[in-house]
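Structure first, commentary second.
The values are calculated or read from the model by the stated rules, or taken from the named source; none is laboratory data. Bear in mind that the values here come from a model prediction, so they are computed numbers and not experimental data. Glycine gets a Cβ as well: all are built from the backbone with ideal geometry, and neighbour counts include every protein chain shown. Just so you know, the surface numbers come from the protein's heavy atoms only, side chains and all, with ligands and any DNA or RNA stripped out. Shrake-Rupley method; radii C 1.70, N 1.55, O 1.52, S 1.80 Å.
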Amino acid sequence: QVQLVESGGGLVQPGGSLRLSCAASGSIFSINGMGWYRQAPGKQRELVAVITRGGMTTYADSVRGRCTISRDNAKNMVYLQMNSLKPEDTAVYYCNVRATMGTYWGQGTQVTVSS
């Protein structure tokens, strides 16, 4: 049973920072990439950032320069550091793992940016 557990979401003021964490456990084989997606009310789920097993990163235009994705292979964790947060960053953030055997999703963690 594969499990992805996100943490670190919450309420933050505009301009503030949050660090999201995702811990992967279970039988996940040959991970190709890890990433973060988000879904705001009334919008489709969109890619925020991804990191390949080789360490290459890709960011959405809306977050580039404000977010940094990283991973800890020894702990099977992926992180998303978010700075200079804006109200439009408000969404449920989902951890995603792409592996040879399939794609896995976390339960999501709420990020709310409001004054």
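Within the stretch 56-67, residues that are within 11 Å of ASP89 (Cβ to Cβ) have Cβ atoms under 6 Å from residues that are modelled with pLDDT of 95 or more and in a loop (DSSP other than H, G, I, E, B) in these pairs: ARG66/ASN83; ARG66/SER84, counting only partners at least 6 apart in sequence or on another chain.
Just so you know, in the stretch 105-115 the residues that are touching a helix residue (DSSP H, G or I) at 6+ places or on another chain (Cβ under 7 Å) and assigned to a strand (DSSP E or B) include one that is surrounded by the fewest Cβ atoms within 10 Å (Cβ to Cβ), and it is VAL113.
For the stretch 63-89, the tally of residues that are surrounded by fewer than 17 Cβ atoms within 10 Å (Cβ to Cβ) and on the phi > 0 side of the Ramachandran plot stands at 2. Within the stretch 90-99, the set of residues being surrounded by 21 or more Cβ atoms within 10 Å (Cβ to Cβ) and among the hydrophobic types (A, V, I, L, M, F, W, C) comprises ALA91, CYS95, VAL97. Listed residues GLY26, GLY55, GLY16, GLY102; which is closer than 24 Å to SER115 by Cβ, of a type outside the set (A, V, I, L, M) and open to solvent by less than 60 Å² (accessible area, probe 1.4 Å)? Step by step, each of GLY26, GLY55, GLY16, GLY102 is checked, and only GLY16 is closer than 24 Å to SER115 by Cβ, of a type outside the set (A, V, I, L, M) and open to solvent by less than 60 Å² (accessible area, probe 1.4 Å).
Taking first residues from the stretch 31-52 that are without any contact (Cβ under 8 Å) to a residue 40 or more places away in the chain and among the hydrophobic types (A, V, I, L, M, F, W, C) and partners that are open to solvent by less than 70 Å² (accessible area, probe 1.4 Å) and in a loop (DSSP other than H, G, I, E, B), the Cβ contacts under 9 Å between residues at least 6 apart in sequence or on separate chains come to LEU47/ALA60; ALA49/ALA60; ALA49/VAL63. Scanning the stretch 8-54 for residues that are polar (S, T, N, Q), on the phi < 0 side of the Ramachandran plot and part of a loop (DSSP other than H, G, I, E, B) yields GLN13, SER17, SER27, GLN44. Looking only at the stretch 92-102, decide whether some residue is farther than 30 Å from GLN1 by Cβ and over 11 Å from the mean Cα position of the chain (by Cα). No: the stretch 92-102 contains no residue that is farther than 30 Å from GLN1 by Cβ and over 11 Å from the mean Cα position of the chain (by Cα).
Looking only at the stretch 74-115, count every residue that is of a type in the set (Ser, Thr, Tyr) and closer than 15 Å to GLY9 by Cβ and tell me the total. Write out each step before concluding.
Kept after step one, since they are of a type in the set (Ser, Thr, Tyr), are these residues of the stretch 74-115: 79, 84, 90, 93-94, 100, 103-104, 109, 112, 114-115.
Of the ones still in play, those that are also closer than 15 Å to GLY9 by Cβ are 79, 90, 93-94, 109, 112, 114.
Qualifying residue count, the stretch 74-115: 7.
Cβ-Cβ contacts under 6 Å between residues 6 or more apart (or on different chains), taken from a first residue in the stretch 90-108 that is under 13 Å from VAL50 (Cβ atoms) to a second residue that is not in a strand (DSSP E or B), are listed as TYR94/GLY106; TYR94/GLY108; CYS95/GLY106.
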